[in-house]
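Throughout, read-outs are computed from the coordinates displayed, never taken from laboratory work. Every value quoted in this text rests on a predicted model; they were computed, and no experiment measured them. We place every Cβ from the backbone using ideal geometry, glycine too, and count neighbours over all the protein chains shown.
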Amino acid sequence: MGTNYRHTQYGVLNLIILFLVAILIVVVAVAIIAQGRLAAAVIMIAVYLFGAAMFYNSTIEVSAELVRFWFGIGLVRKTIPLSQVLSAETVVDPWYYVWGIKSIPGGWLYAIAPGPMVEIKLKDGKIFHIGSDQADKLKEAIDSACLTPE
């Protein structure tokens, strides 16, 4: 079965922070290399690049059976079977939730940037808040997929 909805969002604030940290990493790496510690500089740069690749964007897909979302290169990902979805609603979380991956009351939040969320309630009582700059379209895609007979 094909994908009914797919959207990739880039967190502008994340990208700015990643750029500023990259400048700092380069300055520190040059200083470390000047001290003759090339291996330490290479390891530091590799760890930074890995972290940046993990969280530079988020992608959400809705198919006839699943809601899937992941960050960056896809090592951090979540799949929710639509058969387990009780409801989906567009919500605005408190300002202090901001973005990231974090535990919230009753479930988990996954967001690359602050803004609207889609709250997915599962039949087992768990909830997921998925951040999207297209929250209304995401909710419509989930609702449509849940109503489509298998």
- request: Return the distance in nm (one decimal) between the two label points of a simple spin-label model at residue 77 and residue 17, each offset 7 Å from Cα along Cα→Cβ.
  value: 2.4 nm
message: For a test of the definition: using alpha carbon positions, the gyration tensor, and the 1.5 limit on a/c, classify segment 90-150 as rounded, prolate or oblate.
response: oblate
- prompt: Roughly how tilted is helix 38-54, in degrees to the nearest 10 and between 0 and 90, from the longest Cα axis of the chain?
  reply: 20 degrees
task: Note the listed values (i) 115; (ii) 104; (iii) 154, then indicate which one is volume of the Cα convex hull per residue in Å³ calculated from this particular structure.
output: (i)
- prompt: Which far-off residues, 5 or more places away or on another chain, put their amide H under 5 Å from the one on residue 107, with H placed in the peptide plane?
  reply: 127
statement: Pseudo-spin-label distance residue 45 to residue 33, built 7 Å along Cα→Cβ, given in nm, is 0.5 nm
query: Around residue 100, which amide H atoms from residues at least 5 apart in sequence, or from another chain, sit under 5 Å from its own amide H, with H modelled in the peptide plane?
result: 111, 112, 113
- prompt: Once phi is turned into θ = phi - 60°, what whole-Hz ³J(HN,Hα) does the Karplus curve with 6.51, -1.76 and 1.60 give for every residue of segment 66-73, x standing for Gly and Pro?
  reply: 9, 10, 10, 8, 8, 9, x, 6
statement: Here the gain from full extension of residue 86 to residue 147, 0.36 nm per residue of separation minus their alpha-carbon distance, amounts to 20.8 nm
statement: By Cβ neighbour count within 10 Å, fewest first, 93, 136 rank 136, 93
message: Using the Karplus curve 6.51 cos²θ - 1.76 cosθ + 1.60 with θ = phi - 60°, what ³J(HN,Hα) values do you get for each residue of segment 89-103, in whole Hz, with x for Gly and Pro?
response: 9, 7, 9, 10, 7, x, 4, 7, 6, 6, 8, x, 10, 7, 6
- prompt: When only C-alpha pairs under 8 Å and at least 6 residues apart count, what is the relative contact order of the chain, in percent?
  reply: 22 percent
message: Placing +1 on the Cβ of each Lys and Arg and -1 on the Cβ of each Asp and Glu in the chain, which of 116, 63, 106 has its Cα farthest towards the positive end of the resulting dipole?
response: 106
- prompt: Quick one: helix 12-34 against the long Cα principal axis of the chain, what's the angle to the nearest 10°, folded into 0 to 90?
  reply: 20 degrees
message: Show me, for segment 133-144, the HN-Hα J-couplings you get by feeding each phi into the Karplus relation (A = 6.51, B = -1.76, C = 1.60, θ = phi - 60°), rounded to Hz, glycine and proline as x.
response: 7, 10, 4, 5, 5, 5, 4, 4, 5, 5, 4, 4
